Each structure stands twice: as structure tokens, then as C-alpha cells.
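K.L.:
After the C-alpha cells below, expect a handful of questions from me.
Values quoted throughout were computed directly from the atomic coordinates according to the rules given, and no laboratory measurement underlies them. All values reported here derive from a predicted model rather than from experimental measurement. Positions of Cβ are backbone-derived with ideal geometry, glycine not excepted, and every protein chain shown enters the neighbour counts.
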Amino acid sequence: MSLLVDTSVWSLALRRDAPPDVPEVRALRDALAGGEIVATTGVILQELLQGVVPERARAQIIEMFTALEYLTPSREDHVAAAGVRNTLRSGGVQVGTIDALIAHLAIAGGHMLLTTDNDFRAASSHIGLQLWRAP
């Protein structure tokens, strides 16, 4: 299984005071330990680094992300992400520009999205977005 891990899960996984038993964090740790493909993209890395103050933690995140599959959106991906956002809006679901891009990259790359963000849950029933669910 190939996972695209959303900022919401990374934020929980990297916090010192993270809740001890979050299924999505456990799934991320299992995927990393099991050698599964874990993907990211620039906006996810950017969102994480924007919330990190200490330089040491920033450097650790940058280093950790070098081992992940890196998805670089093309012009066509941005055009398709706009279509995703429009489709969702017409279905009564509001998502931000970044979330529309993340959803599109997950769908286009055949990745399962690992997230705790309820916006993606609402979106998944309107588009072909496959979400990780706790067993």
C-alpha cells in the first residue's frame, strides 16, 4: 500500500505531546518501519515547516522527508486540482486549494491518503479519493 500522508498526521506524529494511541499515527509508523512507500509533496513539507520553530526540529524534518517519495505537481496536476475543487464545491463540499491539490495527487498517483482531516472524509464520497481507515 502506498500512502500519501497529510500534514494533520505528520503534525501529530512529530509532536512531543502527541496522544499515545492515534490510529493514523500508528499506521504511519508501521508504514515507515515496514518499508512501505510513503509519499509527500512540497505543500505538506511547507505546512509542517511553517509550524516548527526550533531549527533542530526543522532540520530533522527536512532530513526525514528526503527518504520519502516526493510528488512534484505539474501544470496539469494544478489544472486537475482546480477541477477537483470545483466538483466538490458543486457537491456542497468546501475544501481549500492545498487540500484539493493533495486530494488530486493522491488520486492521480494511486495513493491512499492518510489523514485526520474531516474535510477529506467529506470529499472522498464525491471524488475517487481513497482514504486509509483503521482496521
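K.L.:
Can you name the residue in the stretch 75-98 that is under 18 Å from T41 (Cα atoms) and touching a residue at least 40 places away in the same chain (Cβ under 8 Å) and, of all such residues, is nearest to the chain's Cα centre (by Cα)?
P.N.:
I98
K.L.:
Go through the stretch 76-95 and give me each residue that's on the phi > 0 side of the Ramachandran plot and either surrounded by 13 or more Cβ atoms within 10 Å (Cβ to Cβ) or part of a helix (DSSP H, G or I) (or both).
P.N.:
If the condition is that a residue be on the phi > 0 side of the Ramachandran plot and either surrounded by 13 or more Cβ atoms within 10 Å (Cβ to Cβ) or part of a helix (DSSP H, G or I) (or both), then no residue fits.
K.L.:
Then there is this: Please specify each residue of the stretch 32-51 satisfying the condition of being closer than 12 Å to W10 by Cα and assigned to a loop (DSSP other than H, G, I, E, B).
P.N.:
Selection gives G51 alone.
K.L.:
Identify the residue in the stretch 1-35 that is charged (D, E, K, R) and within 13 Å of L113 (Cα to Cα) and, among all such residues, is surrounded by the fewest Cβ atoms within 10 Å (Cβ to Cβ).
P.N.:
E24
K.L.:
Do we find that L49 is under 23 Å from G96 (Cβ atoms) and either touching a residue at least 24 places away in the same chain (Cβ under 8 Å) or touching a Ser or Thr at 6+ places or on another chain (Cβ under 7 Å) (or both) in this structure?
P.N.:
For L49, the condition - under 23 Å from G96 (Cβ atoms) and either touching a residue at least 24 places away in the same chain (Cβ under 8 Å) or touching a Ser or Thr at 6+ places or on another chain (Cβ under 7 Å) (or both) - is not met.
K.L.:
Assuming P73 fulfils every condition listed in (1) of a type outside the set (A, V, I, L, M, F, W, C); (2) surrounded by 12 or more Cβ atoms within 10 Å (Cβ to Cβ); (3) part of a loop (DSSP other than H, G, I, E, B); (4) out of contact with any helix residue (DSSP H, G or I) (no Cβ under 8 Å at 6 or more places or on another chain) apart from one, which condition is it?
P.N.:
Among (1) of a type outside the set (A, V, I, L, M, F, W, C); (2) surrounded by 12 or more Cβ atoms within 10 Å (Cβ to Cβ); (3) part of a loop (DSSP other than H, G, I, E, B); (4) out of contact with any helix residue (DSSP H, G or I) (no Cβ under 8 Å at 6 or more places or on another chain), P73 violates only (4).
K.L.:
Residues of the stretch 99-135 being in contact (Cβ under 8 Å) with a residue 24 or more places away in the chain, of a type in the set (D, E, K, R) and either touching a Lys or Arg at 6+ places or on another chain (Cβ under 7 Å) or part of a helix (DSSP H, G or I) (or both), which ones?
P.N.:
Scanning the stretch 99-135 gives D99, D119.
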